[in-house]
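Trainee: Would you mind keeping the following structure in view while I ask a few things?
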Amino acid sequence: MIRTLLVKQMIVFFLVMVNVKAFTQEFKASISVSASELEGTDRRIFEELQSALYEFVNERTWTNYSFSPEERIECTFMLSLSNRVSGSEYEGRLNVVFRRPVFQTSYETPMFNFIDKDVRFKYDMGETLNYSDNQYTSAITSLFAYYVYIILGLDFDSFSPNGGTPYFQKAQSIVNSAQSSIEKGWKSFENQRNRYWLVENLLNSSYSSIRQFSYKYHRRGLDVMSGNLEMGRSTIAESLEDLRKANRVKPGLFLVQVILETKREEISNIFKEASPMDKTKALNILTEIDPSNSATYQRLFATEGQ
C-alpha cells in the first residue's frame with residue numbers, strides 16, 4: 001500500500017515537472033541557415049547547424065516566466081552565409097524578424113526587422129553550442145542570445161512601461177563580454193548601426209522616450225483599437241511625439257531609424273483614415289524625424305481614391 005502510494009506520488013511529481021518544462025519555453029522561433037553562395041561544402045553541416053540553433057533558441061529557458069504554448073513569441077532568424085573564411089569559419093548576415101499579436105485581433109504588428117551584416121563565427125560538424133550569460137564562449141551562440149534578449153525586451157516593453165529592462169541589460173552584458181573578441185558588430189567604434197549601438201540606444205536614459213513610445217503605441221494604442229478605433233489611433237499619434245523627442249536629442253538616432261524602417265508602412269496605414277488633425281500631426285512628426293522618406297509618407301498617407 002505504501003509502495004503504491006509512493007509510486008503514485010512519483011508519477012504525479014513527474015507529470016508536474018513535465019508540465020512545468022512544457023510551459024516554460026518562451027520562443028516558437030523559425031530558424032533557417034542558407035549557404036547557397038558557398039560551393040564545395042558538405043550541406044549536412046548547415047542542416048546540423050540549423051537544427052542546433054533551433055534547439056538553442058526554442059528549447060532553452062530565457063526568463064523566469066512560464067509561457068503557455070499560445071503565448072510563445074514567434075519570430076524568425078534567417079542566417080545567410082556568403083563566405084567561408086577557413087575550414088570551419090564563416091561570414092554572412094542575419095535577418096531577425098519579430099511580430100507581436102494585437103489584442104482581440106488576428107493581426108500581428110511588426111516589432112523588429114533588422115539585418116545584421118557583421119556575422120562571423122566558427123562551427124564544426126558535431127560541435128555542441130555552448131553559451132553562458134556571463135562570458136563570451138561562442139560567436140554564434142552569443143549572436144543568437146543577444147537577439148533573443150533584444151526580442152524579449154521589446155516584447156515586455158510593449159506590455160508594461162520599461163518592462164524589458166532586464167533583457168536589454170542581458171543583451172548589453174553579452175556586448176560587454178564580446179569586447180575582446182575578433183568578431184565585428186560588438187564594438188562602438190566599428191560603425192553606428194551595430195549590436196553595440198542598438199542596445200546602447202535602448203538603455204540610454206537620454207532616449208528613454210523611445211521606450212515610452214513602445215508602450216503607448218502598442219498597449220494603449222494598437223491593443224485598444226479593436227474596441228475604440230479613434231481612441232487607439234489618437235494615442236498612437238501622441239506616442240509619435242515620444243519618437244520626435246528622442247530624435248531631437250540626437251537627429252538620425254539609430255534606434256529611431258530601426259523603428260521607422262520596421263513600422264513605416266503600418267503607421268501610414270493606421271493614419272490613412274484618421275481625422276485630419278491626427279493625420280496632419282502624425283505626418284508632420286514623421287517627415288521631421290525621417291525627412292529622406294517624406295515623399296513616401298505623403299504617398300502612403302493618401303486616402304484611397306484621393
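Throughout, read-outs are computed from the coordinates displayed, never taken from laboratory work. This structure is a prediction, so every number in the text was calculated from the model and none was measured. Here Cβ is always computed from backbone atoms with ideal geometry, including for glycine, and neighbour counts include all displayed protein chains.
Trainee: Could you tell me which of rounded, prolate or oblate describes the range 80-220, using a ≥ b ≥ c as the square roots of the eigenvalues of the alpha-carbon gyration tensor, with rounded for a/c under 1.5 and, failing that, prolate when a/b is larger than b/c and oblate otherwise?
Mentor: Prolate, because a/c is 1.5 or more and a/b exceeds b/c.
Trainee: Related question: Need the C-alpha centroid separation for the range 38-103 versus the range 210-278, integer Å.
Mentor: Between the Cα centre of the range 38-103 and that of the range 210-278, the gap is 30 Å.
Trainee: Right, here's the next one. Return the long-range amide H neighbours of R100 (sequence gap of 5 or more, or a different chain), with a cut-off of under 5 Å between placed amide H atoms.
Mentor: Sorted by chain and number, the residues that satisfy this are T109, M111.
Trainee: Ok, one more. Chymotrypsin sites (Phe, Trp or Tyr not before Pro) within the range 165-258: which are DSSP loop residues with at most 14 other Cβ atoms inside 10 Å?
Mentor: Details: sites: Y167, F168, W186, F189, Y196, W197, Y207, F213, Y215, Y217, F254; in loops: W186, F189.
Answer in residue order: F189.
Trainee: If you place +1 on the Cβ of every Lys and Arg and -1 on the Cβ of every Asp and Glu, how big does the dipole about the Cα centre of the range 41-120 come out, in debye to the nearest 20?
Mentor: 200
Trainee: Another question about this same structure. When each pair of different Cα atoms in the range 148-294 is counted once in the 1/r mean, what is the Kirkwood radius in angstroms, to one decimal?
Mentor: Final number for the Kirkwood radius of the range 148-294 is 16.0 Å.
Trainee: Find which of I270, N204, T296 sits farthest along the positive direction of the dipole of the range 198-306, computed with +1 on the beta-carbon of Lys and Arg, -1 on that of Asp and Glu, about the Cα centre.
Mentor: Result: N204, furthest along the dipole toward the positive end.
Trainee: Please report, to two decimal places, log10 I(q)/I(0) for the range 157-235 at q = 0.11, 0.17, 0.21 Å⁻¹ as given by the Debye formula with identical point scatterers on the Cα atoms and no solvent.
Mentor: Those come out to -0.40, -0.72, -0.89, one per q.
Trainee: Turning to a different aspect of this structure: If we restrict to alpha carbons, what Rg and Dmax does the range 216-306 come to, in Å?
Mentor: 12.5, 38
Trainee: Per Stokes-Einstein, at 4 °C and 1.567 mPa s, what whole-number D in µm² s⁻¹ belongs to the range 213-256, with the Kirkwood radius over Cα pairs as the hydrodynamic radius?
Mentor: So the translational diffusion coefficient is about 121 µm²/s.
Trainee: If I model a spin label at A295 and M231 as a point 7 Å from the Cα along the Cα→Cβ vector, what separation in nanometres do I get?
Mentor: Rounded to a tenth, the inter-label distance reads 4.1 nm.
Trainee: Hey, another quick one. Where the only charges are on Cβ atoms (+1 Lys, Arg; -1 Asp, Glu), what is the dipole of the chain about its Cα centre, to the nearest 20 debye?
Mentor: Values: 35 positive and 37 negative charges, 123 e Å.
So the dipole magnitude of the chain works out to roughly 600 debye.
Trainee: Moving on. Are there any trypsin sites (Lys or Arg not before Pro) in the range 249-306 that are in a DSSP loop and have at most 12 other Cβ atoms within 10 Å? List them by number.
Mentor: In loop regions of the range 249-306 (DSSP not H, G, I, E or B), there are no sparsely surrounded trypsin sites (Lys or Arg not before Pro).
Trainee: Can you give the FRET efficiency to the nearest 0.05 for S205 and S30, using r as the Cβ-Cβ distance and R₀ = 51 Å?
Mentor: On the way: r = 35 Å, r/R0 = 0.68.
That gives a FRET efficiency of 0.90.
Trainee: How about K216: which aspartates and glutamates have a C-alpha closer than 18 Å to its C-alpha, ignoring those fewer than 8 places off in the same chain?
Mentor: Hits, sequence-local ones excluded: E108, D155, D157, E230, E238, E241, D242, E266, D278.
Trainee: Using the scaling law 2.2 N^0.38 Å as the reference, what is the normalised Cα Rg of the chain? All intermediate terms of the calculation are to be shown ahead of the outcome.
Mentor: On the way: Rg = 22.0 Å, N = 306, 2.2 N^0.38 = 19.4 Å.
Against the compact-globule rule of thumb, the ratio is 1.14.
Trainee: Okay, moving on. Give the longest segment of the chain that steers clear of GluC sites (Glu not before Pro) in DSSP loops with at most 13 neighbouring Cβ atoms within 10 Å, not counting the sites themselves. Write down the numbers at each step before the final one.
Mentor: Numbers: sites that count: E37, E39, E59, E273, E304.
The longest uninterrupted stretch comes out as 60-272.
Trainee: Moving to a separate point now. Would you mind checking the tilt of helix 276-289 against the longest principal axis of the Cα atoms of the chain, expressed as 0 to 90 degrees and rounded to 10?
Mentor: Approximately 60 degrees, to the nearest 10.
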